[in-house]
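Working notes for the structure below.
Each value in this text was obtained by applying a stated rule to the coordinates, not by laboratory testing. Keep in mind that what you see is a predicted model, and the values were worked out from it rather than measured. Don't worry about glycine lacking a Cβ; one is built from the backbone with ideal geometry, like all the others, and counts go over all protein chains shown.
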Amino acid sequence: MTVSMKKPTLLFVIGTRPEAIKTAPVIHACQASGDFRVQVLTTSQHRELQDAVLDFFDIQPDHDLNLMRENSNLTRLVAESWRGVSDYIESSPPDLLLVQGDTTTAFIAALASIYQRIPVAHIEAGLRTYDAENPFPEEINRRLITHIAALHFAPTLIAKENVLRENIDPATIYVVGNPGIDALQFALHRITPDQRRQILDRHALQENLILVTSHRRENWGDNLRNICQALQMIAAQCQDISILFLVHPNPEVSRCVHEELADHSNIHLLKAVPYLEMAVLMEKAALILTDSGGIQEEAPFLGKPVLILREKTERPEVLQHQAAILVGTDPDRIRAAVCSLLSDSDSYRRYAIPRSIFGDGQSAARILRGIRYHFDFGPRPADFIPPSPGSSFRHPHFVPIAAEGRT
C-alpha cells in the first residue's frame, strides 16, 4: 500500500469472552501492520467475562453497546444488537467487518453489515455438527454467517470442506488455524513462576486435578444435573483427586451447580477466573471435562485429555487425533471414562500427547495476510497444515510452564 492511499477501516465486533480471546491476536496483528485503521465494537453480551479479557490483551473498544441485562433472553439480545450495530455501521462504515465464531453477536453483526453492503470476514468459519439443536443457537448462527461472509478463515481442513460443501467459492476460503492458540501461547509466555505458584497455592489443589466447565444452553437443566451427579460419583470413588468446577455466571448454570455440588469436600466450586489463571489451571489439570469449544482446542495443545460433555462436537479433529472422548452427559458414562483414563497409564498417555491440531501460534499472521490479499496489498497466505493423527508437536518457542523444575 502506498503512503498516499487511504487506509481501509477494519471493524471487529465482539461480545463474549471467547470472541475477545480469539480476536485479540488478530486485532493486534492488524494494528501492528500499519496497513489498516482498526476499530473495535463490543456488544458486551457477556460484560464481566469479556471486559477482563480485553484488559488482559490491552484492547480498548472504540464503542461499547453495553447490552448485558439481567434476565435477558435471545430475542431481546437480537433486537438490541441489531439496532446498536446497525446504527454504528451506518454512522462509521468500515471497509471490512470481522466477526468470530457463532455467537448471537457474530451473526447479528454480519447480517447488519451485509444489509449495508459491507463485506464480512468470518474467523473460525466452517465448524459444523449438522444438528440445529446441538449447539443451539450456535449451529444456526454459523451456518447463516457462512452465506453472508465474503472471507472465510477456517481453522482446519475439515472446516474448509464444510464450507465448500455449501457451494462457497473456494477462492474465498483460507485455512489458518485458530487464533485461540496464539492467545494461549501469549498468556503462557507472559506468566511468571511467582504468578503461577500464587495461583496454584491459592486453590490448594491436589496433584490429580480434574478441571470442569459447563455452560452450553443445551446442557441446562437435567443434563447439567447429570453432569453434577457424575462428579459426585467420581469424588466418592477417587478420594485422591481434586475436582475444580469453574462455574459460569449464568443463573441457570450457577444455581444448579451450587445446589448439586456445594457440600462435597473434594469438589471445589469457583466462579469464572481470569484468562491467565484459566491457562495455568488447564496446564495443571490431569484431565478436563467440558462442553466448551475453545477448551477442546486449547487442551490438546497442552497435552491434556478432554472429556467432551456433549453428544456432538463441531471439532471432530480432537476425536480423530485421540485427544478427546465424547462422553455426553450420562453419569455412568462420564464416571467410567474418568476412571478408565486415570487408572490406565498407557491409555492416558495416548490422550496426553501435545498436539497442534488447531494451530501453531501463527493464525493471526495468516489472517492478516488473508486480509491484505483481499485488499490487494500482498500475496495469498499459505494454508495451515496440521500434523497427521498420532503425531506430537511443540512450537519451537513454547516452553510449557509444567516443565519448570521437572526432571
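Values for this structure:
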| read-out | value |
| --- | --- |
| Degrees separating the helix 74-91 axis from the principal Cα axis of the chain, which is the longest one | 30 degrees |
| Net charge of Cβ neighbours under 11 Å - reference Arg128; Lys, Arg +1; Asp, Glu -1 | -2 |
| Net length gained if the chain between His203 and Lys7 were fully extended (0.36 nm per residue, minus Cα distance) | 65.7 nm |
| Gain in span if fully extended, Ile140 to Glu252, counting 0.36 nm per residue against the direct Cα distance | 38.1 nm |
| Potential lengthening between Ile353 and Asp64 on full extension [0.36 nm per residue; Cα-Cα distance subtracted] | 99.9 nm |
| Gyration tensor verdict on the chain (Cα atoms; rounded if a/c is under 1.5, prolate if a/b is larger than b/c, oblate otherwise) | prolate |
| Candidates Pro18, Pro155, Pro119: whichever shows maximal mean-square fluctuation once the chain is modelled as a Gaussian network with Cα springs under 10 Å | Pro119 |
| Crossing angle, helix 17-33 versus the chain [Cα axis fit, 0-90 degrees, rounded to tens] | 40 degrees |
| Alpha-carbon centroid distance for the pair segment 57-103 / segment 202-277, whole angstrom | 31 Å |
| Cα-based helix-to-principal-axis angle, 179-190 vs the chain, degrees rounded to 10 | 60 degrees |
| Tensor-based shape of segment 10-124 (alpha-carbon gyration tensor, a/c under 1.5 rounded, otherwise prolate or oblate) | oblate |
| Virtual spin-label span in nm between Asp344 and Asn167, 7 Å along Cα→Cβ | 4.6 nm |
| Shape category assigned to segment 193-351 from the gyration tensor of Cα positions, a/c cut at 1.5 | rounded |
